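Structure record follows, encoded as structure tokens.
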Amino acid sequence: MASSINKYSVVESLNQMIYESATAVTAVHAGSDQTLSDSHTALYVGVGGDAVLTLQSGSDATFKNLASGQILPVKFSGIKATNTTATNMLALK
């Protein structure tokens with residue numbers, strides 16, 4: 001059976017990663033709810049933990065056990081203080 005999944009080389013996959021295209025960075029503070037002025041396309045996590053993000057759709061999602069230095073490629077417009085334990089985060093777009 002033929003697969004419709006695109007297969008990329010390691011180099012092609014790395015070239016498609018979100019952090020190569022960041023044009024704006026906004027500091028995200030985990031101590032209080034923060035609504036961003038517009039949608040961002042990735043979250044950089046400085047110190048690992050959990051992050052509760054308001055997705056572009058308007059719903060909230062909890063991302064558990066994010067690693068320090070991780071880039072999470074997700075479109076979001078805000079971050080919630082409650083249950084967010086990750087710190088030193090940057091919103092990228």
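What follows is calculated from the coordinates using simple rules that are stated; it is not laboratory data. Quick caveat: nothing in here was measured; it's all calculated off a predicted structure. Cβ coordinates were reconstructed from backbone atoms using ideal geometry, including for glycine residues, and neighbour counts include every protein chain displayed.
Quick check on segment 39-93: take the gyration tensor over C-alpha atoms, sort the square-rooted eigenvalues as a ≥ b ≥ c, and tell me if it's rounded (a/c under 1.5), prolate or oblate.
Taking the square roots of the gyration eigenvalues as a ≥ b ≥ c, segment 39-93 is oblate.
Hey, can you grab everything whose amide H is under 5 Å from the amide H of GLY78? Only 5+ residues off in sequence or another chain; H modelled, so Pro and N-termini drop out.
LEU36, THR54
Assuming 0.36 nm per residue, please report the length gained on full extension of the stretch THR35 to SER59 beyond their Cα-Cα distance.
7.3 nm
Would you please give the residues with an amide H less than 5 Å from that of LYS93, counting only those at least 5 places away or on a separate chain, with H modeled from the backbone geometry?
THR23, ALA24, THR41
Under a 5 Å amide H to amide H cut-off, with H placed in plane at 1.01 Å, what residues pair with GLY46 once short-range neighbours are removed?
Amide H neighbours of GLY46: GLY69, THR87, MET89, LEU90.
For ALA27 and THR87 in the same chain, what is the full-extension length gain: residue separation times 0.36 nm, less their Cα-Cα distance, in nm?
That pair, ALA27 and THR87, stretches by 20.6 nm at full extension.
Each label point is 7 Å from the Cα along the Cα-to-Cβ direction; what then is the distance between the points at SER68 and ASP50, in nm?
Output for this residue pair reads 2.1 nm.
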